[in-house]
Amino acid sequence: MKNKTNLKTINWSILIIVVLTAVITAIITLYDLYNTPAFGEDAQSRAGFRWGTLHIMISIAILIISVFLAIGWKRLFPFNVPISIILVGFCYVLFFLTFTIGWVGLQGMLGFLIAFLIGVILIISYSISFLIQRRNAANKR
């Protein structure tokens, strides 16, 4: 791989941006939920703890993906970080579904969707790049 350092830089930069964005939006949302008086329809969304079957299923999915990712971290390069980004999305939705009640939980689902799309776009772009490199290498022979 000629561009290994470039791929590492791209991967880690995007991962850091996604994680920082997730942390900042979660903090802002919880701060807003705790410090805004809730009247009428605003009272539907509030901070609160809940745990159920969906939370357990998402936690198991996070655990399984984390174990497989840890085992194959080096072998999965450059696809390891896009999978990590998708894992961050799972953690984001779990956080919002666990610590918020009401419509604000959709923010977690939207964050997961964005993280999932970013991860899939990176995986597809790396796959296309590798196919082009293989085709160019085959044509040179």
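If I filter the range 110-120 for residues that are in a helix (DSSP H, G or I), surrounded by 17 or more Cβ atoms within 10 Å (Cβ to Cβ) and in contact with a Pro (Cβ under 9 Å, 6 or more places away or on another chain), do I get at least one hit?
Checking the range 110-120: at least one residue is in a helix (DSSP H, G or I), surrounded by 17 or more Cβ atoms within 10 Å (Cβ to Cβ) and in contact with a Pro (Cβ under 9 Å, 6 or more places away or on another chain).
Being open to solvent by less than 40 Å² (accessible area, probe 1.4 Å), among the aromatic types (Phe, Trp, Tyr) and assigned to a helix (DSSP H, G or I) is the filter here, so list the residues in the range 59-81 that pass it.
none
How do the pairs read when you match residues in the range 20-31 that are over 11 Å from PHE95 (Cβ atoms) and part of a helix (DSSP H, G or I) with residues anywhere that are modelled with pLDDT of 90 or more and not aromatic (Phe, Trp, Tyr), using Cβ under 9 Å and keeping only pairs 6 or more apart or on different chains?
Sorted first by the residue in the range 20-31, then by its partner, the pairs are THR21/GLY111; THR21/ILE114.
The values are calculated or read from the model by the stated rules, or taken from the named source; none is laboratory data. This structure is a prediction, so every number in the text was calculated from the model and none was measured. Glycine also receives a Cβ, built like all others from the backbone with ideal geometry; neighbour counts cover every protein chain displayed. These area figures cover heavy atoms from the full protein model, side chains too; ligands, DNA and RNA do not enter into them. Shrake-Rupley method; radii C 1.70, N 1.55, O 1.52, S 1.80 Å.
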